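Structure, as structure tokens:
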Amino acid sequence: MKTKMKLTAALKIWIVIYPSITLFLYLLSKSSLELPLFLKTLFLTLILVPWVVFAGVPFVDFILRQLSTEVNKK
């Protein structure tokens, strides 16, 4: 059971982090400001870790609860 819960948590995080990283890298590439890799990484993690923890994963949980409620009603 713990393995299933960990796998579910990892999938939720991936669902949030993949598009978020892609979007931020795209936006950074459009910027005329060229940063060294370590600064890009620092910037991305400063923004994305709180986003994933406080907004992204809770939003995915909300959507999954809504879908589960709809399925259980039928």
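The values are calculated or read from the model by the stated rules, or taken from the named source; none is laboratory data. The model shown is predicted, which means the values in this text are computed figures rather than measured ones. All Cβ positions, glycine included, derive from the backbone under ideal geometry; neighbour counts span all protein chains shown. Side chains are part of the model used for accessible areas, which takes the heavy atoms of the whole protein and leaves out ligands, DNA and RNA. Shrake-Rupley method; radii C 1.70, N 1.55, O 1.52, S 1.80 Å.
Yes/no matrix, rows are residues, columns are (1) among the charged types (D, E, K, R); (2) without any contact (Cβ under 8 Å) to a residue 24 or more places away in the chain; (3) touching a Ser or Thr at 6+ places or on another chain (Cβ under 7 Å):
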| residue | (1), (2), (3) |
| --- | --- |
| Lys4 | yes, yes, no |
| Ile13 | no, no, no |
| Ile17 | no, no, no |
| Ile21 | no, no, no |
| Ser32 | no, yes, no |
| Thr41 | no, yes, no |
| Thr45 | no, yes, no |
| Val57 | no, no, no |
Selected residue (criterion: nearest to Lys6 (Cα to Cα)) from residues of segment 18-53 that are open to solvent by 90 Å² or more (accessible area, probe 1.4 Å) and within 10 Å of the chain's Cα centre (by Cα) = Tyr18
